[in-house]
Amino acid sequence: MSRRIWDIPGGIHPAENKQQSLQSGIIAANIPTELIIPIQQHIGAPGKPCVEVGDNVLKGQVIAGANGFVSVPTHAPTSGEVTAIESRPVQHPSQIDGLCIVIKTDGDDQWVNHSAINDYQSQERSYIIDAIRQAGIAGMGGAGFPSAIKLGIRPDTKIEQLLLNSAECEPYITADDSLIQERADEVIAGLKIMQWLVQPQETLIGIEDNKPNAIAALKQATADSNIEVVVVPTKYPSGGEKQLIYLLTGKEVASGGLPSDVGVICQNTGTAYAINRAIHYGEPLISRITTVTGDAITNKGNYEVLLGTPVSTLLSQADAKFDKTSRLIMGGPMMGFSIHNAAVPIVKVTNCLLAPTKKEIPEPDAEQACIRCGSCTQVCPAGLLPQQLYWFSKSNELEKAQHFNLADCIECGACSFVCPSNIPLVQYYRFSKGQIRKQEAETKKADQARERFEFRQARLEKEDREKEEKRKARAEAAAKKQAAKKAATAENTAASESGSTVSAGTESTGNTATTKLKSTWASATKRWKDAEKALKVAEKNGNDHIDALQKKVGQLKAKADNAKSLYDEAKLANAENADSSSSTSNLTTPITPEQPITPQQPATPPTNDPMQVLKQASADDFNTWKAAQQKVQEAEATPSDGVDIELLRKVEAEAKEKSVASKTAMKEARAKEKEAMQAKKAVEDPTKQLKLDAAITRTKAKKALKALESLGEDHASYGALKTAYEKAHTAAENAELALKAAEEA
Amino acid sequence: MSEDLSAIFSLVSMAILFGSLLGYAAIKFATEDDPVAEQIDALLPQTQCGQCGHPGCRPYAEAVANDEDEINKCIPGGEDTIHAMADLLGKEFIPLDADESDVIDTPVVAYIREDECIGCTKCIQACPMDAILGAAKQMHTVIVDECTGCDLCVEPCPVDCIDIIPEKQTQQTWVWTQPNGPGVSPGEMIPVRNIA
């Protein structure tokens, strides 16, 4: 009973053009003088170069290690010297250079030590999978997904079918076909390794019916095994992974899912061959079969070519007519892309190199408007609506395109192939896919930026908070210190006064006004005492402004007396009002005209500088006057019974007089002091200058003497030095004499 | 009469029950942030450049959420962001509020000409992303992956050694261009149309 073949939707039948490259067997490509090996030949993270410029490498030696999980190592395809690790043109439609390791081949083709894994079935499966990974094997059908990851299924995943994709549905390409025809046994050996690795219920080989020789070879190679060769009708793109799975098993891989989700693993023919070489021979992936075809090629065929061989070298060997070719296509005519530089190397996924003539593949015609014929929908193998996707891509409506499952488009090109309007549909889809990818990257970056920004904000806030706390702590400490100082001063003042008049009892019982008055009196007394002290000092020193000081002392004494009388009065009043309510006692306070003096001055530390005392006194008097003035104004504005305006006015006038007097005294004193200072300076300066001169000349003379001593008498410059020394010596003596004279004067 | 009473009683008791339930839920499941501002913030490019007149993307999102500012102030976001915000808020699209010269299409990053850098750390303090690395009197450099190209570091530089340059395109960031549309040949990039 023959196996049921499901039929994929859509699909096309382009001219196959496969015979041209099947005229001869596999041709060994020449070893070029220079190999250019990109570190990125697979999907995933690029490898990490592990050789340096100038290193000699052997065939099969690792030159770039795997860098992450989705990554594979890269090996030297032949022996030679690493001449450069730099950016070179590589196989990428963007034409952006990629990092390559350049090897100058030595022609010896000398292998590195390598050994086959004998009897792989006795090994751990993970060991074999790692060996496949270390051999640098990535899907050779075109996508380049690391094969070891595909095979490294989780233990709980049950694989029902293992598929070998030999459909090779794209026109022109015959790489797998020729490989099977010549080396079917080796392909099957590779497949058997995979079979052992994933333990599928059945193993199938999918192959299109346009390859009768390959089918025969496979049937012969699998005759005594449980591997079944399933021939499918020729239709593009039956070789697509999801398409082949459906064709052979009827299973559909969900959108965004993996084949292993439905219990299927699908591997390419070339990959199976490479796995065989890796396990049974210990050879890493360093070469592949590439179809070189197109009408511009004389020797069309399949070449076994070292990875990293420049396209130009391969084309020369195939005797390409560069003048006839319109362009170079890497990959097949449906899914490949044009390359613009023949220096681009052959890589792991390069299954075909197409050099068509202008007649064979002409310049594309101009795009025309979509006529909504719906042909594209009929051929789409993924069951999408290409026309709708086209409109959305054209108008940049990415979200709608996503809703119409743009991500499931396999970019096979069937829609473009049938489009009567020449619309490059695949490019529209690729554009949209790129935009979506870009947007996702931007969103990711924005999220990252937001996180960083918020973290920074939090950090700055924290720093500010800490600073603020430190500042507060400092301020508190300072305030405490200040308070302690104040307390000490207050104690001192209190001690100095307690002997003279007031008992502590009244102080505690008296209301605030009286207390204030008391402190006013105390400070006035203190200032008077300070002034007196200053006067005494001045008298002792015979200072000029004794008169002014004397006057000041008198004034301060009067003020202190005044304050005392006021305080006594207030105390009396306080005692009288002791019974009355607190409001009345509050009312009485404004009577005392001297009261506003209180806030003006904390007790100044005693000073011996008469100038300072004068200044202080002047400022105090001025403040007193101003305060008194304000009081008068207040009293005038709000006349009240308890306030005697006349008294206030009188006090104000007195304060004004006092202030003016003290100001004049201070000004006079300042002028005199200035004069005195200048005179003193005039006397001091010349002596100082002379002293300095003397010291300098003395040092010079000493230096000259030292220099003289260090030289012998017969030295040439001895005479000159001696003269110099004598000169310096005389200068020093003169300076000293001058200084003495000045000091005596 | 008793039916009336029972109806009233049941309705009142239900009202009390659901009222307390809702009240409890309002306290228990209260969101601290404004969810609309959050959504708008998610649409913004997070360059924190301040070109909208707000000190960062989040404040602008909050201003838009509270109807205090228009949706067309985000220059780095461009028209795409305005469209997205218009969709989210159910507003009409309005063109970007910026001079043509201010709008940069390609992504940019800051670049410090390191031999000219005097190590003043001014740009480090200005960078909202902490994307500049360096210390006092040591040359500074930009961490390209973190730089959003907001150009806030350019102005404080006393020696003008910071350039805003287009981000270097790599194979990973490269994307296919949109075909030119009807009337123009699609070019040779993809051959598929030409085989018969």
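The values are calculated or read from the model by the stated rules, or taken from the named source; none is laboratory data. In this text the structure is predicted, and so the values were computed from the model without any measurement. For neighbour counting, all protein chains shown are included, and Cβ atoms are generated from backbone atoms with ideal geometry for every residue, glycine included.
Tabulated data
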item	result
Selection count, the range B:86-119, where residues are aliphatic (A, V, I, L, M), in contact with a Cys (Cβ under 9 Å, 6 or more places away or on another chain) and within 22 Å of B:A131 (Cα to Cα)	5
Strands (runs of 3 or more DSSP E) wholly inside the range A:284-370 containing at least 2 residues that are within 12 Å of chain B (Cβ to nearest Cβ) and either touching a Gly at 6+ places or on another chain (Cβ under 6 Å) or under 21 Å from A:I137 (Cβ atoms) (or both)	A:328-330, A:352-354
Only one of A:E539, A:E532 that is modelled with pLDDT under 75 and either assigned by TED's automatic domain parsing to the domain that holds A:V651 or in a loop (DSSP other than H, G, I, E, B) (or both)	A:E539
Residue match in the range A:444-467 (condition: facing chain B (nearest Cβ under 9 Å), closer than 30 Å to A:Q388 by Cα and surrounded by fewer than 17 Cβ atoms within 10 Å (Cβ to Cβ))	no
Of residues in the range B:125-182 being outside any loop (DSSP other than H, G, I, E, B) and within 21 Å of B:G53 (Cα to Cα), the one farthest from the other protein chains (Cβ to nearest Cβ)	B:I164
Selection count where residues are within 13 Å of another protein chain (Cβ to nearest Cβ) and either in contact with a strand residue (DSSP E or B) (Cβ under 6 Å, 6 or more places away or on another chain) or hydroxyl-bearing (S, T, Y) (or both), scope the range A:376-390	2
Residues satisfying the stated conditions in the range A:396-434, i.e. away from every other protein chain (no Cβ under 13 Å) and on the phi > 0 side of the Ramachandran plot	A:N405
Verdict on A:I137 being at pLDDT below 90 and more than 20 Å from A:K235 (Cα to Cα)	no
Long-range neighbours under 7 Å by Cβ, at least six apart or interchain, first residue on the phi > 0 side of the Ramachandran plot within the range A:134-160, second β-branched (V, I, T)	A:G136/A:V72; A:G136/A:T74; A:G142/A:V349; A:G144/A:I43; A:G144/A:V349
Members of the range A:1-44 found to be crowded, with 21+ Cβ neighbours inside 10 Å, of a type in the set (G, A, S) and not in a loop (DSSP other than H, G, I, E, B), listed by number	A:S21
Tabulated pairs, the range A:96-124, first under 30 Å from B:W176 (Cβ atoms), second modelled with pLDDT under 85 and not in a loop (DSSP other than H, G, I, E, B), C-beta under 9 angstrom, 6+ apart or interchain	none
Selection count where residues are touching a Phe, Trp or Tyr at 6+ places or on another chain (Cβ under 9 Å) and in contact (Cβ under 8 Å) with a residue 24 or more places away in the chain, scope the range A:357-392	9
Condition met for B:A63 (outside the structural domain of B:G149 (by TED's automatic domain parsing), without any contact (Cβ under 8 Å) to a residue 24 or more places away in the chain and under 17 Å from B:A84 (Cα atoms))	yes
Flag for A:E466 being in a helix (DSSP H, G or I) and acidic (D, E)	yes
Looking only at the range A:340-377, and only at residues there that are aliphatic (A, V, I, L, M) and in contact with a helix residue (DSSP H, G or I) (Cβ under 7 Å, 6 or more places away or on another chain), the one that is surrounded by the most Cβ atoms within 10 Å (Cβ to Cβ)	A:I346
In the range B:101-124, the residues that are outside any loop (DSSP other than H, G, I, E, B) and surrounded by 14 or more Cβ atoms within 10 Å (Cβ to Cβ)	B:V108, B:V109, B:A110, B:Y111, B:I112, B:K122, B:C123, B:I124
Flag if B:I118 is closer than 30 Å to A:S87 by Cβ, modelled with pLDDT of 85 or more and either over 21 Å from the mean Cα position of the chain (by Cα) or not assigned by TED's automatic domain parsing to the domain that holds B:A42 (or both)	no
So A:S393, is it among the hydroxyl-bearing types (S, T, Y), within 11 Å of chain B (Cβ to nearest Cβ) and over 44 Å from the mean Cα position of the chain (by Cα)	no
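Let's see how each residue does on (1) in the same structural domain as A:A488 (by TED's automatic domain parsing); (2) within 20 Å of A:Q555 (Cβ to Cβ); (3) in contact with a Phe, Trp or Tyr (Cβ under 7 Å, 6 or more places away or on another chain); (4) modelled with pLDDT of 75 or more:
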{"residue": "A:N574", "(1), (2), (3), (4)": "no, no, no, no"}
{"residue": "A:Q601", "(1), (2), (3), (4)": "no, yes, no, no"}
{"residue": "A:N608", "(1), (2), (3), (4)": "no, yes, no, no"}
{"residue": "A:S618", "(1), (2), (3), (4)": "no, yes, no, yes"}
{"residue": "A:A627", "(1), (2), (3), (4)": "no, yes, no, yes"}
{"residue": "A:Q630", "(1), (2), (3), (4)": "no, no, no, yes"}
{"residue": "A:A635", "(1), (2), (3), (4)": "no, no, no, no"}
{"residue": "A:A653", "(1), (2), (3), (4)": "no, yes, no, yes"}
{"residue": "A:E657", "(1), (2), (3), (4)": "no, yes, no, yes"}
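One line per residue, one yes/no per condition, for (1) crowded, with 16+ Cβ neighbours inside 10 Å; (2) in the same structural domain as A:T174 (by TED's automatic domain parsing); (3) part of a helix (DSSP H, G or I); (4) out of contact with any Pro (no Cβ under 9 Å at 6 or more places or on another chain):
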{"position": "A:T203", "(1), (2), (3), (4)": "yes, yes, no, yes"}
{"position": "A:N213", "(1), (2), (3), (4)": "no, yes, yes, yes"}
{"position": "A:A217", "(1), (2), (3), (4)": "yes, yes, yes, yes"}
{"position": "A:D224", "(1), (2), (3), (4)": "no, yes, no, yes"}
{"position": "A:S238", "(1), (2), (3), (4)": "yes, yes, no, no"}
{"position": "A:E252", "(1), (2), (3), (4)": "no, yes, no, yes"}
{"position": "A:S255", "(1), (2), (3), (4)": "no, yes, no, yes"}
{"position": "A:I265", "(1), (2), (3), (4)": "yes, yes, no, no"}
